[in-house]
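Data block below; observations after.
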Amino acid sequence: MRVSKLFFQTFREAPADADIVSHQLMLRAGLIHQIAAGIFDFLPMALRTKHKIEDIFREEMDAIGGQEVTLPVVHPAELWQKSGRWYQIGSDMARFKDRNDRDMVLGMTHEEIMADLAKKYIKSYRQLPTMLYQIQTKFRDEPRPRAGLLRVREFTMKDAYTFDRDEAGIDAYYPHFYQAYFNIFRRSGIDVVAVKSDTGMMGGRMAHEFMALTDIGEDTLVLCDACGYSANRQVATFRKPEPPAAAPARLEEVATPNVTTIEALARFLNIAESETAKAVFMVADIDQPDGAVKEQFVFCIVRGDMELNETKLTNAIKARRLRPATTPEIQAIGAEPGYGSPIGIQREQVLLLVDDLAARSPNLVAGANRAGYHVRNTNYGRDYTADLVVDLVAASDGHACPQCGEAIHTARGVEVGNIFKLGTKYSMAMGATYLDEKGDEKPIVMGSYGIGSGRLMAVIIEMLHDDAGIQWPITVAPYQVLLVSLATEKTPDVTAAAEQIYAALLEAGVEVLYDDREERAGVKFNDADLLGIPIRLTVGAKGLKNGIVEGKLRRNGEMFEFAVDAVVEKVCALVAAEIERINATAVPVPFEDK
RNA sequence: CGGGGAGUAGCGCAGCUUGGUAGCGCGCUUCGUUCGGGACGAAGAGGUCGGAGGUUCAAAUCCUCUCUCCCCGACCA
C-alpha cells in the first residue's frame, strides 16, 4: 500500500474529547473515527489490525475444535423472552419493532440464538461435545460508553459456545479455552492474568476473566505474588484475621456527638476500627416466588475495619438490583444514619446480614440508633441475630491470601476476555436437549467464551506505545514493514530504488506500507513513529550512496544496515524473527481450578 | 439517572464579561524556494458559531428550552 493512496490522515493534536492514550493514538494515527458515543468507524489500517486479531481468534478456536458460524445481529424478541432476559435486561438492550409490529432486538450476545441452533441440530450424545463460534457485531446500549474503543456500544466480539453432555464434559473442555485464551492474548503481544470472576447475570458455575493489568482498568483485581492467587475483587476472598477472644461485656451507651463515621468513632473513643461494627443500609430488588419484584430493606453489619462488597451481598440475597437506602428509609426501620446498629430496630422489616468476621468479633462498638450515641460491647448472638451470616466484605491490600496466607495486593485491570461455564440455563429455556445412551432426554450443558476485538486492539495500544506513538506487535500490526522513501526531485535514483524495493517486498509476500509521499523526512519519520509499524526501512540518498538501506525496529529503536541487493532477504528474516519472538510467548499455562 | 465540563472551519483554540464586518495555529489547494526527525515565502479555499424560540434596530455574544459529546459516579455477558 502506498501512503499517498491510503485513506487516512495523521493529526498532530488529538481531539479534545480523547482522554486515554489508546484513544488519542488511534485518532491521531487515523485508525478510527467516532460517529456517536461508543460508535466508531474503523478506517483501513484499524481494520487490518482487527482482521489480524480475528485471524488469531480463528486459529486458536479452530485448534480446539471450534467451527465458525455467523448468527444474525437482529433477533426476534421471542427467543429472548424464552430465556427471560427480555424481561431481566433493561435499556442496555436495544429493542424495536419490525414493519409487522413484531418485537425485535439487537443482539447483545448470542446464548439464546446458539441454544436455539443447538436445539435444532443436536439430537444425540454422539454429536457432543461440539463448539461453535462467531466473530460478530453486538450492540449494548451502555449507560456510559467511554475511553475510545475500551467501552463502546457497538462492538465486534468473538463469542464461542460449547455444548457438552454433562458437567464433566464442560469441565474437560473449559481448560482448553483457558489455554487458548492465553495463546490469543500472548500472540497479540500482551500478557494477561486470569482471575476468577462473578458469574453475574449470565448465571453459571465457574467463570474466569482475562485481565490486562493497566491503571486505566475499570476492574480491581486481587493478586497474591506468593502463590499466584488471583480474583476479581467482586468475588475475591481472603483469610480473615482471628478476632480476639473476650467474654461478652455489658452493653453500655456512650455519648458520641457528631461522630458519624467509623474513622471518627475509632479516634473519638481511642480504639481500633476493628473494634467497631459498621452498619450499611441498602435497598434490594428481590424476585418473589410469584414472579413479582419486591423492594427489600437490607441491613448489613461488617466490622469497622472492613468494607462491604456489594457483589457478595447481591449474590448472598440473590438480589436483582441494589442501591443505597435513603435517610427516610433508614429512619423508617428505626435506625439512624451515622449511628446505626441492629439493636432495637424494626427487625421484621429488614433483611439482616452480618459478615462472619463481625459475628465472631466480641464487644464491638455499634450505633445506638439515636443521633449522638453509640453502644459499647455489642455481641452477635446475644444482642441481635441475623437472617444470614456470610462473607460480605471486600478483600483489600494487605489482607491474607485465602490460599497461602501471604499478603495480597490489588491492581487495576481491563477485562479483555471471559470464559463461563453456563450450565443448562439457556439449553433448558430454549429446549436444547439430546438423548443419551439410554435414550434419556438430557439438557445440553453450555459454556460461553467471549473476546472483544476492538477492546483488545485498544488494550494492545494502551500497553505498547511510547510518547511518539504506537508500537504494534508484528502479529497484529496493520503492516509489517514501513518503507520510507526520502526521495526528492533531485534524487530520482532514490525513488527508483524505493520503488524497486517496494515491488520486491510485495513480491516476497511482505506486508509493506510504502511512504511515497512528497513530504519532508521529519514528517515521514514522525508519522512512522505514530503509526507504529514494527519495522521501518529508510531509503535515502545518504544510505544509497553506500549501497545500503537502513532498518529500524519501532519497539526498541534497534538499527540495521541492509545491503540494497540483500534487503528483501534480510527483511523477510527480520519479520520472521519478530513473529517468532511473539509467538514464543504462547506457552502452556497450568489451569488452576481455583 | 446524579454531579461536573464542553459544543465557533477537518483538528486544536480565541472571540462571549461590555451585542455592531467571525478570527488565530495546524491541516487542505496553487506557485516558488527548500529537502535525513513535523521548512520558508506568496496567494487561496473552507464556518447554518449544535438546534429551536425569545429580547433587540442588530445576537457567536443576553434570556428560555432542547440536542449532542466528554469526565466522575451509578450501571456493565
I'd like to check something: does segment A:150-171 contain any residue that is free of Cβ contacts under 8 Å to residues at least 40 places away in the same chain and part of a loop (DSSP other than H, G, I, E, B)? no
When you go through (1) open to solvent by 10 Å² or more (accessible area, probe 1.4 Å); (2) under 20 Å from A:Ile56 (Cα atoms) one by one for A:Pro478, which number turns out not to apply? (1)
State which residue is nearest to RNA strand B (Cβ to nearest atom) when the search covers only segment A:431-453 and only residues that are open to solvent by less than 10 Å² (accessible area, probe 1.4 Å) and over 12 Å from A:Phe163 (Cβ atoms). A:Gly450
Quick check on segment A:401-422. Is at least one of its residues among the hydroxyl-bearing types (Ser, Thr, Tyr) and open to solvent by less than 10 Å² (accessible area, probe 1.4 Å)? no
If we take segment A:506-594, then helices (runs of 4 or more DSSP H) inside it with 3 or more residues that are within 38 Å of the chain's Cα centre (by Cα) and without any contact (Cβ under 8 Å) to a residue 40 or more places away in the chain are A:567-583
Segment A:505-519, residues that are within 16 Å of RNA strand B (Cβ to nearest atom) and aliphatic (A, V, I, L, M): A:Leu513
Does A:Thr237 satisfy the criteria of being open to solvent by 40 Å² or more (accessible area, probe 1.4 Å), in contact (Cβ under 8 Å) with a residue 40 or more places away in the chain and of a type in the set (Ser, Thr, Tyr)? yes
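Being open to solvent by less than 70 Å² (accessible area, probe 1.4 Å), within 13 Å of RNA strand B (Cβ to nearest atom) and closer than 29 Å to A:Glu519 by Cα is true for just one of A:Arg12, A:Arg28, A:Arg85. Which residue is that?
Sole residue among the options that is open to solvent by less than 70 Å² (accessible area, probe 1.4 Å), within 13 Å of RNA strand B (Cβ to nearest atom) and closer than 29 Å to A:Glu519 by Cα: A:Arg28.
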Given (1) over 27 Å from A:Ala245 (Cα atoms); (2) open to solvent by less than 30 Å² (accessible area, probe 1.4 Å), identify the lone condition not met by A:Ala264. (1)
Pairs, please: C-beta under 7 Å, at least 6 apart or cross-chain, first residue closer than 9 Å to A:Arg140 by Cβ and in contact (Cβ under 8 Å) with a residue 24 or more places away in the chain and in segment A:89-101, second open to solvent by 50 Å² or more (accessible area, probe 1.4 Å) and basic (Lys, Arg)? A:Asp92/A:Arg140
Can you go through A:Ala147, A:Ala168 and tell me which one is buried (at least 18 other Cβ atoms within 10 Å of the Cβ) and among the hydrophobic types (A, V, I, L, M, F, W, C)? A:Ala147
The number of residues in segment A:477-504 that are among the hydroxyl-bearing types (Ser, Thr, Tyr), in a loop (DSSP other than H, G, I, E, B) and away from RNA strand B (no atom under 13 Å from the Cβ) is 1
Apart from one, (1) on the phi < 0 side of the Ramachandran plot; (2) at pLDDT below 95; (3) of a type in the set (Gly, Ala, Ser) all hold for A:Ala180; the odd one out is (2)
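The values are calculated or read from the model by the stated rules, or taken from the named source; none is laboratory data. This one's a predicted model, so the numbers in the text were calculated from it and none came from an experiment. All Cβ positions, even for glycine, are placed from backbone atoms using ideal geometry, and neighbour counts span all protein chains on display. All accessible areas refer to the heavy atoms of the entire protein, side chains included, with ligands and DNA or RNA removed. Shrake-Rupley method; radii C 1.70, N 1.55, O 1.52, S 1.80 Å.
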